[in-house]
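Right, one structure below, let's go through it.
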Amino acid sequence: MFNRKKKEEQNDEMELQVTQPDVFDFPADMEKPDTGNDELNEKISELSKMGYQYLKEGETEKAKDQFSEILQLEENNNYALVGLGDAERKSNNFDAAITFYEKCLNYHPSNNYALFGLADCYKAMNKYTKAIEIWEKYLRQDDRNITVLTRVADAYRKIHIFKRSKDIYLRVLEMEDKNPYALIGLGHLHYDYKEYKDALYYWTKMYDLDKDSCDIRVLTSIGNCHRKLKTYSDGVFFFEKALERDPCNFYALFGMADCYRGMNQQFRSIEYWQKILELDPNNKVILTRIGDAYRNTGDYQQAEKCYTEALNIDFDVYAALGLALIRKGEGRYEEAIERLQDLIRNDRKNYRLYIDLADCYCRIGQKQEAVKLLEGYLTFGLKSPAILDALNKIKFDKALYS
């Protein structure tokens, strides 16, 4: 079944993140090597520093050589095992990295760097519950590490444990009231739960920190909150700022078009839909949106052209619906009814199709058929205020369809 709401969500901003640093600096506070041989200890320390320097420079293979040499000098050395884990993690070889971190923890159970790296591997593999378990172990030793706290909060957000995630983000803000990871995380947390005013509050705080130099995704995220809240003119302000920075930004162009659609300025919305099409000419969703805009201005010829182009790419129920609505707008109700019936056969729970079909029935004097159709929809057990409203108008509004 096609879900337009879900499809529209795909055009919201991709998740905004501030890149948190990897722990590739030399871990000076890690337990120092003590082989009982000062010269050997010094050699291991120098190799470790060189290994981490190579990691910082992106020379992972050279880093591995340094850490492997340490293991030849001292089996199970914590610097070497963590370093090899970090090198594999940096190369996205997460299974190999996990092996090194776990080996380190077998011999050095409280090694925070191994715990951190191990949790980050599971996070990268989308195994958030496992990552949380390990980060919580880390926090039992160091409960004020902001980097870890924000990662834990992010992971709880990913598995939809709202309260725990929010509590940890707020704890971070108590320690550092302008922490960007916590502000961004809280914005996403509330946005995911459709609490757009709260999301707007936290993302606006991010904007206030840097104003026009802030990440462009902060601008589009704020714009998307305004779209959801239907404060479209405010949304336009932020999307315009994003387009000043990147005139081809898909999310800003989509946001501008959708805001103008919401403000019923169809010609302005077409302007921005067209800009997206110049970048992505085979985007059937945008072709359908342009078709809707043209149809709402009464330009059925251009609308039909856009819907047909969308359907030539792939079937889209809303492009097909658009063609049915053109027939309805032209007064060709019988043809519109036929098209809508075909669509319902393939999408039996799409309430919008029923409302438009019922309206067509009423326009040709078949009110009872319209009532039967809408009452039939309610037998699916779905609660639809729009269906109930349409049904009540047909039954009780004597002036309607008179």
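For this structure, a couple of remarks:
- With the simple model of a label 7 Å out from the Cα in the direction of the Cβ, residue 282 to residue 375 spans 4.9 nm.
- Simple spin-label estimate for residue 46 and residue 163 in nanometres, 7 Å along Cα-Cβ: 5.7 nm
- Computed over Cα pairs, the Kirkwood radius of the chain leads via Stokes-Einstein (0.692 mPa s, 37 °C) to a diffusion coefficient of 129 µm² per second.
- On the principal axes of its alpha-carbon atoms, the range 114-181 has extents of 30, 25, 19 Å, going from largest to smallest.
- Compactness check for the range 150-206: Cα Rg over 2.2 N^0.38 Å is 0.97.
- 25 Å tail of the calculated P(r), the range 172-277, as % of Cα pairs: 20 percent
- Residue (of 91, 181, 322) at the positive-pole extreme of the chain, dipole from beta-carbon charges: 322
- Anchor residue 43: aspartates and glutamates whose Cα lies under 15 Å away (excluding residues fewer than 8 positions away in-chain): 34, 65, 69, 74, 75
- Each Lys and Arg Cβ is given +1 and each Asp and Glu Cβ -1; about its Cα centre, the chain then shows a dipole of about 2620 debye.
- Pairwise FRET efficiency - residue 248 versus residue 37, Cβ, R0 = 60 Å, nearest 0.05: 0.50
- Size descriptor for the range 112-240, Kirkwood hydrodynamic radius: 15.3 Å (Cα pairs only, one decimal).
- Theoretical FRET efficiency, 1/(1+(r/R0)^6), r = Cβ-Cβ of residue 129 and residue 263, R0 41 Å, to 0.05: 0.40
- Over all pairs of different C-alpha atoms in the range 252-329, the reciprocal of the mean inverse distance, the Kirkwood hydrodynamic radius, equals 12.0 Å.
- Distance distribution P(r), the range 103-150, all Cα-Cα pairs, bin width 10 angstrom from 0: 29, 58, 13 percent.
- The alpha-carbon atoms of the range 286-359 define a convex hull whose volume equals 81 cubic angstrom per residue.
- Sequence-separation-based contact order of the range 280-321, relative, with Cα cut under 8 Å and 6+ spacing, percent: 42 percent
- Descending Cα extents along the principal axes, the range 33-109, whole Å: 36, 28, 16
- Positive end of the dipole of the range 251-311 (Cβ unit charges, origin at the Cα centre): among 276, 266, 307, the Cα lying farthest that way belongs to 266.
- Percent RCO, i.e. relative contact order, over the chain, from Cα pairs under 8 Å lying at least 6 residues apart: 7 percent
- The Kirkwood hydrodynamic radius of the range 52-152, based on inverse pair distances between different Cα atoms, is 13.6 Å.
- Expressed as a whole percent, the accessible surface of the range 281-335 that belongs to carbon and sulfur atoms is 42, based on a 1.4 Å probe.
- Basic side chains Lys and Arg get +1 at the Cβ, acidic Asp and Glu get -1 at the Cβ, and with that the dipole of the range 254-308 about its Cα centre reaches some 60 debye.
- With an a/c value of 1.5 or above and a/b larger than b/c for the gyration tensor axes a ≥ b ≥ c computed over the alpha-carbon atoms, the range 272-402 is described as prolate.
- Choice from 194, 137, 43 showing the highest fluctuation, given a GNM over the chain with Cα pairs closer than 10 Å: 43
- Cα pair distances in the range 344-402, grouped into 5 Å bins until the bin that holds the longest one, percent each: 4, 20, 35, 25, 12, 4, 1
- Semi-axes of the equivalent ellipsoid for the range 71-128, Cα gyration tensor, largest first, Å: 19, 12, 7
- Accessible area (Å², per residue) of the chain, counting only protein heavy atoms and a probe of 1.4 Å: 51 Å²
The values are calculated or read from the model by the stated rules, or taken from the named source; none is laboratory data. Note that the coordinates shown come from a computational prediction; the quantities given were computed from them, not determined experimentally. No Cβ is skipped: glycine too gets one built from the backbone with ideal geometry, and neighbour counts run over all protein chains shown. Keep in mind that these areas ignore ligands, DNA and RNA; they rest on the heavy atoms of the full protein, side chains included. Shrake-Rupley method; radii C 1.70, N 1.55, O 1.52, S 1.80 Å.
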